[in-house]
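See below for the structure under consideration.
The values are calculated or read from the model by the stated rules, or taken from the named source; none is laboratory data. Since this is a predicted model, take the numbers as computed values, not measurements. All Cβ positions, even for glycine, are placed from backbone atoms using ideal geometry, and neighbour counts span all protein chains on display. With ligands, DNA and RNA removed, areas are computed over all heavy atoms of the protein, side chains included. Shrake-Rupley method; radii C 1.70, N 1.55, O 1.52, S 1.80 Å.
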Amino acid sequence: MSTTGFEHDIADQADALRAFAASTTAREPAAPPAPPYERIVLTGMGSSHFAALPTWRRLVEHGLPAWWVDAGQLLDAPHLVNDKTLLIATSQSGASGEIVALLESGVRPASLTAITNDETSPLAKAAHRVIALHSGSEATVSTKSYINTLAAHDRLAATLLHQPGDEISAAIAALEQFDGADALAPIAAGLLHADNPRLAYIGFGDHGATALYAGLITKEGAKIPAEGYVGGQFRHGPFELAGPGLTAVLHGAADPAANRQLARIGADLLAAGSTVVAAAGLDLPGATVHLPPPDAGLTAQLTHGALVAQHLTVAIARARGITPGAFAYGSKITTAL
């Protein structure tokens, strides 16, 4: 079976992250210090926006007035950005429809920081500061660019908070040492052979970003319904999806003590007859597969979670007999509003 462009991109992620680590933008201060700003607004669309979730949580935890609002919502509420705002816009292409429309809408932040893979894009040209991803080209859905965006956001948050960032070497090791792909093939087969198959990704805290990313790329790359839920969202209605036919992938920290709520959801899902994949440090004996993240920095743990989602997407697509990651109706850059 030939390797697809999507799978080549997955395999190339460690090299792409090395390229980012070697770049000037990975070492220089990523943005002006935070105190002059009345508010900090983080925006983007899709996986670019999801990668900013841990940054928002980190800024708020340290008392900074930060908002995490996707660019479509920000177009509907442009007054959130004023001349005392630090606007942080993440767009791998720098040319997505909502980002371009936002730039053309007349918003005038005090400072605009762009996180993008294209330094010639409309976003990069409009920005006061550009953090280049150096992730190279991608064949289909976001892989290398998502991992590099996680590293870029860690660098940015560390700069704003005057803290050290994560060691990128740990994330590179997570990419190179991942060995869970074979364990996910039976999960994909079981999902597709179930009556009324459902797929949910659930992540608490920073790992909510992984759950959202996973739901997105599974829809894009394997063409099946899949949803990502941040923490307790799953309890409020979607829990009725539980039972035979539901496969739930639980994303969380390496430390089991940080995953108590996730463990409770996992136990309840197992009791209902669901299939559970534990992509977290969990004491969950009934889980079909255990793929805990490395005991390393947050970027490495989020990288591991993204790999689980990527390889499960490939496995589902293969089980369905379709090309993993191939677009049927959309495209790499979404320019339409």
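Limited to the stretch 231-286, what total is found for residues that are among the aliphatic types (A, V, I, L, M), under 21 Å from the mean Cα position of the chain (by Cα) and over 25 Å from Thr313 (Cβ atoms)?
So the answer is 1.
So how many residues does the stretch 203-214 have that are over 10 Å from the mean Cα position of the chain (by Cα) and over 18 Å from Arg260 (Cα atoms)?
0
How many residues does the stretch 169-201 contain that are touching a strand residue (DSSP E or B) at 6+ places or on another chain (Cβ under 7 Å) and open to solvent by 30 Å² or more (accessible area, probe 1.4 Å)?
Total satisfying the criteria: 3.
Can you tell which of Thr90, Thr85 is surrounded by 17 or more Cβ atoms within 10 Å (Cβ to Cβ), within 18 Å of Arg155 (Cα to Cα) and among the hydroxyl-bearing types (Ser, Thr, Tyr)? Reasoning before the result, please.
Numbers: Thr85 fails: within 18 Å of Arg155 (Cα to Cα).
So the residue among Thr90, Thr85 that is surrounded by 17 or more Cβ atoms within 10 Å (Cβ to Cβ), within 18 Å of Arg155 (Cα to Cα) and among the hydroxyl-bearing types (Ser, Thr, Tyr) is Thr90.
Looking at the stretch 279-294, I want the residues that are of a type in the set (Asp, Glu) and open to solvent by 10 Å² or more (accessible area, probe 1.4 Å) and have a partner that is modelled with pLDDT of 95 or more and assigned to a loop (DSSP other than H, G, I, E, B) with Cβ atoms under 6 Å, at least 6 apart or on another chain. Which pairs are those?
If the second residue must be modelled with pLDDT of 95 or more and assigned to a loop (DSSP other than H, G, I, E, B), no pairs are left.
Out of (1) at pLDDT 75 or above; (2) open to solvent by 10 Å² or more (accessible area, probe 1.4 Å), what's the single condition that is false for Ala52?
Of the numbered conditions (1) at pLDDT 75 or above; (2) open to solvent by 10 Å² or more (accessible area, probe 1.4 Å), the odd one out for Ala52 is (2).
Can you pull out the strands (runs of 3 or more DSSP E) entirely within the stretch 216-285 that have at least 1 residues that are in contact with a Ser or Thr (Cβ under 7 Å, 6 or more places away or on another chain)?
Fully inside the stretch 216-285 and qualifying: 246-251, 275-279.
Only residues in the stretch 228-242 that are in contact (Cβ under 8 Å) with a residue 12 or more places away in the chain and closer than 19 Å to Thr218 by Cα count as the first member; pair them with residues that are aromatic (Phe, Trp, Tyr) and in a helix (DSSP H, G or I), Cβ under 8 angstrom, at least 6 apart or cross-chain, and list the lot.
Sorted first by the residue in the stretch 228-242, then by its partner, the pairs are Gly228/Tyr213.
Only residues that are open to solvent by less than 20 Å² (accessible area, probe 1.4 Å) and not small (Gly, Ala, Ser): list them for the stretch 245-278, please.
Hits for the stretch 245-278 are Leu246, Thr247, Val249, Leu250, His251, Asn259, Leu262, Ile265, Leu269, Val276, Val277.
Keeping to the stretch 72-82, report how many residues are buried (at least 23 other Cβ atoms within 10 Å of the Cβ) and not in a loop (DSSP other than H, G, I, E, B).
Residues meeting the conditions: 1.
Out of the residues in the stretch 42-71 that are among the small types (Gly, Ala, Ser) and either free of Cβ contacts under 8 Å to residues at least 40 places away in the same chain or assigned to a loop (DSSP other than H, G, I, E, B) (or both), which is nearest to Gly305 (Cα to Cα)?
Result: Ala51.
If we scan the stretch 138-149, do we find a residue that is farther than 18 Å from Ala51 by Cβ and out of contact with any Ser or Thr (no Cβ under 7 Å at 6 or more places or on another chain)?
Yes, the stretch 138-149 contains a residue that is farther than 18 Å from Ala51 by Cβ and out of contact with any Ser or Thr (no Cβ under 7 Å at 6 or more places or on another chain).
Kindly state which helices (runs of 4 or more DSSP H) lie completely within the stretch 96-168 and contain at least 1 residues that are among the β-branched types (Val, Ile, Thr) and surrounded by fewer than 23 Cβ atoms within 10 Å (Cβ to Cβ).
In the stretch 96-168, the matching helices (runs of 4 or more DSSP H) lie at 97-104, 144-160.
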